[in-house]
1. Please tell me the relative contact order of the chain in percent, rounded to the nearest whole number, where contacts are Cα pairs under 8 Å and at least six residues apart.
2. Specify, per residue and in Å³, the volume enclosed by the convex hull of the alpha carbon atoms belonging to segment 250-370.
3. If you split all Cα-Cα distances of the chain into 20 Å bins from zero, what percentages do you get per bin, shortest first?
4. Once you have the Cα-Cα distance between His204 and Ala225, take 0.36 nm times their residue separation minus that, and quote the gain in nm to one decimal.
5. Among Val122, Val300, Val154, whose mean-square fluctuation peaks in a Gaussian network model of the chain (Cα, cutoff 10 Å)?
6. Separation of segment 294-371 and segment 88-160 by C-alpha centroid, Å?
7. Which of Ala213, Ala225, Ala46 moves the most in a Gaussian network model of the chain with Cα springs under 10 Å?
8. When each pair of different Cα atoms in segment 263-309 is counted once in the 1/r mean, what is the Kirkwood radius in angstroms, to one decimal?
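Each reported figure results from applying straightforward, stated rules to the coordinates on display, with no laboratory input. All values reported here derive from a predicted model rather than from experimental measurement. Heads up, the Cβs are rebuilt from the backbone with ideal geometry, glycines too, and the neighbour counts pull from every protein chain shown.
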Amino acid sequence: MSAPTSDGDGTRCVRAGLPEPTPGQPFLPGPVFAATYHLDPWQGPAATPNGYGRPDNPTRRLLEAAIGELEGGDVRAFASGQAAVTGLLLALLRPGDTVLLPADGYYPMRAFATDTLAGIGVRVLFAPTAGPYPSFDGVRLVLLETPANPGLDVADIAALARDAHAAGALVAVDNTTATPLGQRPLDLGADLVVASGTKALTGHSDLLLGYVATRTPELLDPVTAWRTVTGAVPGAFDAWLAHRSLATLDLRLARQSANAEALARLLAGRPDVTGLRWPGLPDDPAYPVAAAQMRRVPGVLAFDLGDAERVGRFVDAARLVVAATSFGGLHTTADRRAQWGDDTAPGFVRLSCGVEDTADLLADVTAALDA
Ligand SMILES: *Cc1c(COP(=O)(O)O)cnc(C)c1O
């Protein structure tokens, strides 16, 4: 059901990937649980889109259609964001290739690159998301992550894609933090989008999901082949839950972003909070590029409370801010990233705003910081 481009975000989300209305049928057909399907005894798999569960599942295809409408490309869903990003890198890179990755990007992705990719002879370079970037000469793939998790720096996708393409490099953008309502990297010149759907895209903290999107069949084919041969597919129930959750993406992001803006203004005025980052604050270093590139700023903030002990006291004293990793869910969560072994300062907190009422959240955070 292709949408007219004039539809707003809420309309696009609520209709994304749904089949044509059919009397007697549900709006979103229920999950199809099938490892294998009946085949035509004479024609075999040629007669049906569904042969075996690893390559074929109709519930997953509907979800892919939905995400594809939002990203503006063809989508392959993966079992998790890591399955998608590692699959993309392994499907496209060969020994001797050079890949350029964000120095401040998602920590497990960087660990995978320095361990596995470097171990098979891929040359791995890093650049900070905010730049400066090295020459792209000889680089096969540039992976940007913007806004970067967890530091929230922002990269200029269109400018970097122009430079990378001039040097013959491909550009992939990790769109996890922004979501396709925050920015559409394929419209900005990226060749590929890769993302975790575990975070704000689905937003209920109840499933793992990843995807790759592209408009280029020559890039989609190896990714599809990789997924089929490794089996890194989401289950039917997770795919269905994800699709069900997509319908409220516009509403959830609107509240999360409003909460983040209010909290950022509150935290900016507190001398006991340092290193505040939220790309929507006009004096944030990422603001100029974010304001030009992003349609909305995500509900995730970063700041420093000095040490692990103060972070513990803050979260313990809060009623609405709970300790949990991941982000983009309905509930406000705080994660002291250093406890996972990544390279942030001991008091560094990534705070993900949920959809609670703004006034309640502000009061709770104020009381917890004062405690
Ligand atoms: C969480 C995350 C991933 C990995 O996604 P999972 O679904 O946890 O495997 C990749 N990139 C970014 C930017 C993330 O935040």
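1. Relative contact order comes out at 16 percent.
2. Spelled out: Cα convex hull of segment 250-370, divided by residues, is 99 Å³.
3. 29, 56, 14, 1
4. Additional length available on full extension: 4.6 nm.
5. Val122
6. About 27 Å separates the Cα centre of segment 294-371 from the one of segment 88-160.
7. Of Ala213, Ala225, Ala46, the Gaussian network model singles out Ala46 as fluctuating most.
8. Final number for the Kirkwood radius of segment 263-309 is 11.4 Å.
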